[in-house]
1. Name the residues in the range 117-165 that are part of a helix (DSSP H, G or I), more than 21 Å from Val340 (Cβ to Cβ) and either among the hydroxyl-bearing types (Ser, Thr, Tyr) or open to solvent by 10 Å² or more (accessible area, probe 1.4 Å) (or both), would you?
2. Using beta carbons and a limit of 7 Å, which pairs, at least six apart or on different chains, have the first residue in the range 23-40 and under 15 Å from Thr93 (Cα atoms) and without any contact (Cβ under 8 Å) to a residue 60 or more places away in the chain and the second one part of a helix (DSSP H, G or I) and open to solvent by 50 Å² or more (accessible area, probe 1.4 Å)?
3. Taking the range 310-342 only, how many residues are among the aliphatic types (A, V, I, L, M), within 25 Å of Glu152 (Cβ to Cβ) and either open to solvent by less than 30 Å² (accessible area, probe 1.4 Å) or part of a helix (DSSP H, G or I) (or both)?
4. Of the residues that sit in the range 166-192 and are in a strand (DSSP E or B) and of a type in the set (D, E, K, R), which one is most open to solvent (accessible area, probe 1.4 Å)?
5. Listed residues Lys75, Lys62, Lys51; which is touching an Asp or Glu at 6+ places or on another chain (Cβ under 9 Å) and over 23 Å from Gly350 (Cβ atoms)?
6. How many residues are among the aliphatic types (A, V, I, L, M) and touching a Ser or Thr at 6+ places or on another chain (Cβ under 8 Å) if we restrict to the range 315-358?
7. Every residue in the range 1-24 that is among the polar types (S, T, N, Q) and touching a helix residue (DSSP H, G or I) at 6+ places or on another chain (Cβ under 8 Å), please.
8. Pairs, please: C-beta under 6 Å, at least 6 apart or cross-chain, first residue among the basic types (Lys, Arg) and in the range 299-324, second buried (at least 17 other Cβ atoms within 10 Å of the Cβ)?
Amino acid sequence: MDVFLSYARGRQKAIAALIREMVECESPTSEPAAVTRFAQLVADRVSSHAKVKLISGGRYGKHLRAEFSLPGRGKEGRILALGHSDTVWPLGTLRTMPFKQAQGRLWGPGVFDMKSGIAFFLFAMEALRELDIPVKRRVTLQLNSDEETGSESSRPLTEEEARRSEAVLVLEPGTGLAGKLKTARKGVGVYQVNVEGKAAHAGVDFTAGASAIVELARQIGKIAGFTQLSRGLTVNPGVISGGSRSNVVAAEASAEIDIRVQRLRDAAPLDRKFRSLKPFDKRCRLLVSGGLNRPPMERSAGVVKLFRTARKLAAEMGVTLEESMTGGGSDGNFTAALGVPTLDGLGGVGEGAHAPNESILAGRIADRTALLAKLVAAL
């Protein structure tokens with residue numbers, strides 16, 4: 001049996017116990033103290049064999065950066081392992097959605113997205129140390145505290161560390177119950193379209209008003225037409241609001257619009273379309289703000305080479321790895337956009353991200369942990 005897989009199978013109960021500890025340390029993005037508490041949990045776990053730094057996240061919890069002490073001399077270059085410590089689940093979720101092991105799975109808030117991936121990586125580093133496997137590069141783990149809300153404070157840190165790295169391994173969960181790795185992700189953005197109209201009494205003085213709601217409805221029809229499925233470009237008006245009372249011609253209305261682009265070159269033309277919107281009713285005024293937040297992770301030659309390495313290493317353990325593209329974004333989008341080879345989806349195999357059925361397959365804990373150790377040793 002593969003030495004790394006044998007190690008991980010022998011430590012599977014310990015890995016599951018660490019995952020439980022992490023899940024039960026709730027860490028919603030909106031609670032900085034809770035996120036920092038989770039970062040401290042990880043820091044305490046690795047402090048004996050890594051140089052750890054907790055970095056201010058401003059209005060968010062603290063980010064964690066840990067450089068591991070691993071076997072091998074004369075290390076050249078770096079590998080960045082990237083994850084996030086925040087979840088979408090509010091404090092107290094454990095009361096209605098407790099951690100449990102049942103039906104061949106581990107369940108609980110954040111277990112899939114993405115605390116299991118973090119636990120896998122920590123045990124992968126322990127495997128390299130305990131098996132005395134030489135590693136050619138320095139290895140840094142960075143956990144961001146604000147990924148679920150756009151990585152506002154962590155993006156500069158991520159890009160700084162990525163520029164110093166030869167490869168980035170993203171500990172986000174895999175795709176589907178096959179655990180496919182992610183070699184491409186769409187870029188993500190949000191636009192806000194605000195309409196200023198003119199209020200009037202809907203019964204007494206209807207024609208004196210200019211309805212912001214009617215104007216926005218016409219704009220939404222046009223904006224929805226920006227979607228180009230053949231190019232992997234989608235535009236979704238997701239939230240609309242406006243008006244004050246049913247008997248008042250609305251003076252204001254607004255829409256939040258999600259965009260996804262598969263190729264960076266499509267972002268600028270789409271932005272021009274938003275910026276060139278003109279009111280149908282000249283008495284109304286349009287205000288457009290926002291734009292692309294995460295550039296797409298494109299399937300570059302460097303990404304493909306990393307995936308093929310991972311596929312070969314997995315095959316040595318009898319595991320067949322596949323690749324996938326997803327419409328969701330991660331912090332790997334930032335690193336890939338810098339031209340740094342990035343491989344995503346190396347974390348838990350399961351389903352239910354951000355949903356009540358969030359869970360990972362217990363039977364995939366060992367091979368995922370082993371794959372991370374093998375990748376770090378091989379790169």
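1. If the condition is that a residue be part of a helix (DSSP H, G or I), more than 21 Å from Val340 (Cβ to Cβ) and either among the hydroxyl-bearing types (Ser, Thr, Tyr) or open to solvent by 10 Å² or more (accessible area, probe 1.4 Å) (or both), then Glu126, Arg129, Glu130, Glu148, Thr149 are the ones that fit.
2. So the pair list comes out as Cys25/Arg37.
3. Start the filter on the range 310-342 by keeping residues that are among the aliphatic types (A, V, I, L, M), which leaves 310, 313-315, 317, 319, 321, 325, 336-338, 340.
Right, trim to within 25 Å of Glu152 (Cβ to Cβ) and you get 336-338, 340.
Imposing the further condition that a residue be either open to solvent by less than 30 Å² (accessible area, probe 1.4 Å) or part of a helix (DSSP H, G or I) (or both) reduces the set to 336-337, 340.
Of the residues in the range 310-342, 3 are among the aliphatic types (A, V, I, L, M), within 25 Å of Glu152 (Cβ to Cβ) and either open to solvent by less than 30 Å² (accessible area, probe 1.4 Å) or part of a helix (DSSP H, G or I) (or both).
4. Our first condition is that a residue be in a strand (DSSP E or B); within the range 166-192, this holds for 167-170, 175, 180-185, 187-192.
Right, trim to of a type in the set (D, E, K, R) and you get 180, 182, 185.
Numbers: Lys180: 65, Lys182: 20, Arg185: 12 Å².
Checked the range 166-192; the qualifying residue most open to solvent (accessible area, probe 1.4 Å) is Lys180.
5. Working: Lys75 fails: touching an Asp or Glu at 6+ places or on another chain (Cβ under 9 Å); Lys62 fails: touching an Asp or Glu at 6+ places or on another chain (Cβ under 9 Å).
Testing whether each residue is touching an Asp or Glu at 6+ places or on another chain (Cβ under 9 Å) and over 23 Å from Gly350 (Cβ atoms) leaves just Lys51.
6. Quick first cut of the range 315-358, residues among the aliphatic types (A, V, I, L, M) only: 315, 317, 319, 321, 325, 336-338, 340, 343, 346, 349, 353, 355.
Now narrow it down to the ones that are touching a Ser or Thr at 6+ places or on another chain (Cβ under 8 Å): 325, 336, 340, 343.
Qualifying residue count, the range 315-358: 4.
7. Residues of the range 1-24 that are among the polar types (S, T, N, Q), as a first pass: 6, 12.
Listed by number, the list holds a single entry, Gln12.
8. If the second residue must be buried (at least 17 other Cβ atoms within 10 Å of the Cβ), the pairs left are Arg299/Thr183; Arg299/Ala184; Arg311/Leu321.
The values are calculated or read from the model by the stated rules, or taken from the named source; none is laboratory data. Fair warning: this is a prediction, and the values are worked out from it, not measured in the lab. All Cβ positions, even for glycine, are placed from backbone atoms using ideal geometry, and neighbour counts span all protein chains on display. Note: areas computed on protein heavy atoms with side chains; ligands, DNA, RNA excluded. Shrake-Rupley method; radii C 1.70, N 1.55, O 1.52, S 1.80 Å.
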